[in-house]
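A short reminder: the numbers here are calculations on the coordinates, not readings from a lab. All values derive from a computational prediction rather than experimental measurement. Here the Cβ is made from the backbone with ideal geometry for all residues, glycine too, and neighbour counts use every protein chain on show.
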Amino acid sequence: MKKNTKLYETATALLEPGKGILAADESDATAGKRLDMVHLPNEPEHRRDFREILFTAPDIEKYVSGVIMYDSSIRNSTKDGMPFADVLTAKGIVPGIKVDLGVRDLEGFKGEVVTQGLDNLAERFAEYYDLGARFAKWRSVITIDEDETPTEQSLKINAIMLARYAQIAQAADIVPIVEPEVIHAGDHSLERAELVTTKALQILFQTLLEYRVDLSGLILKSSMVLAGDSYSDQTSPEEVAQATLRTFHMSVPHACAGIVFLSGGQSPERSTQNLNAIAKMGEQPWPITFSFSRAIEEPMLKAWGGKPENVQAAQEALVKTCEQNSLASLGKL
Ligand code: 5MM
């Protein structure tokens, strides 16, 4: 198969050592939850302020290579009228777009879901490309429950959706990030999380290869492998690092351009410490870095408090968090 060099170049820019990806792709409803933390109503002007603080933070480009946006933010602009995608591009940050349309119940499989959004995806990609997007993200959701969940059927159907999305993205010169999120909430052990994540990734990469997706122009966004948040024994950073890397070595082909992590509801500190422990394990076949959302935004929201006079402090807190994660991605904390 002929390789698409544009994809390779974008993936390489996104995976520049010492940088990571900011996942600011909250749907408008989830952006409302962030605004709730700072006691602001979920209105377009406040969502714009929130996103403007993130995207215009001075020096964020030192630590962030790409930003994942939501449909309403890639169409939006700063108060001064500069499109957000242009703000990012001017800083040398690659604009990205979340294209999945959320999950629906998988009928017949209690508690399991399948991600929607393939309809008209080629047309949507063409428009997003014109708006400046050069990479994209699609998230599937894997919940660990009783012995049978996740089922092989739900892992397979979600892998097919991810593969179809990745094919369409690459045909539009857009680098796909595939995100099979193994949910942290639950009372499962570390061993169970490792088994489930390994199986989910093996099925995913087998499916991506069957559908002829070019792995050198694709990024995996993964959960860290850790015990459920209500399991009796919480996982130390060293255990997380060992289990996570064992999982990747069992399931991710070396051809994959790189791996980035979601934070999954872990605290900012814990997400950063775990990333640092993973990086300290030494060089791996793939570049590995962060693509956190909550773990990056939380300190910034606390500093902002929804008050205009705190915008500078909020941006400083944001950049500090990105710097810490940059150091962690190099194992230098
Ligand atoms: C911002 O969270 C994203 C999902 O938002 P919606 O549910 O509003 O669509 C999500 O895709 C996020 O990018 C990743 O799951 C990583 O987020 P965390 O907070 O786990 O690092």
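A few points about this structure:
- Flag for A185 being surrounded by fewer than 16 Cβ atoms within 10 Å (Cβ to Cβ), within 18 Å of L262 (Cβ to Cβ) and out of contact with any His (no Cβ under 8 Å at 6 or more places or on another chain): yes
- Applying the criterion of being away from the ligand (no atom under 15 Å from the Cβ) and of a type in the set (S, T, N, Q) to the residues of region 274-295, the residue that is surrounded by the fewest Cβ atoms within 10 Å (Cβ to Cβ) is Q284.
- Checked against the criterion of being surrounded by fewer than 17 Cβ atoms within 10 Å (Cβ to Cβ) and among the β-branched types (V, I, T), the candidates T56, T5, T10 yield just one match: T5.
- Residue within region 231-250 that is farther than 20 Å from V178 by Cα, within 16 Å of the ligand (Cβ to nearest atom), touching a residue at least 24 places away in the same chain (Cβ under 8 Å) and buried (at least 21 other Cβ atoms within 10 Å of the Cβ) present: yes
- Here S263 meets each of (1) within 16 Å of the ligand (Cβ to nearest atom); (2) touching a residue at least 40 places away in the same chain (Cβ under 8 Å); (3) within 29 Å of Q170 (Cβ to Cβ) with one exception, condition (2).
- Within region 296-309, residues that are assigned to a loop (DSSP other than H, G, I, E, B) have Cβ atoms under 6 Å from residues that are away from the ligand (no atom under 13 Å from the Cβ) and not charged (D, E, K, R) in these pairs: G305/V38; G306/V38; G306/H39; G306/L40, counting only partners at least 6 apart in sequence or on another chain.
- Residue in region 88-104 that is out of contact with any helix residue (DSSP H, G or I) (no Cβ under 9 Å at 6 or more places or on another chain), crowded, with 20+ Cβ neighbours inside 10 Å and not in a helix (DSSP H, G or I) present: no
- Restricting region 22-54 to residues that are touching a residue at least 12 places away in the same chain (Cβ under 8 Å) and in a loop (DSSP other than H, G, I, E, B) leaves a set whose member that is farthest from the ligand (Cβ to nearest atom) is H39.
- Taken over region 55-72, residues that are closer than 22 Å to A303 by Cα, free of Cβ contacts under 8 Å to residues at least 60 places away in the same chain and of a type outside the set (A, V, I, L, M) amount to 2.
- Tally, over region 311-333, of residues that are in a helix (DSSP H, G or I), within 14 Å of G20 (Cα to Cα) and touching a residue at least 24 places away in the same chain (Cβ under 8 Å): 11
- Condition met for F125 (buried (at least 21 other Cβ atoms within 10 Å of the Cβ), among the aromatic types (F, W, Y) and away from the ligand (no atom under 16 Å from the Cβ)): yes
- A count restricted to region 70-107 and to residues that are of a type outside the set (S, T, N, Q), over 18 Å from I160 (Cα atoms) and away from the ligand (no atom under 15 Å from the Cβ) stands at 16.
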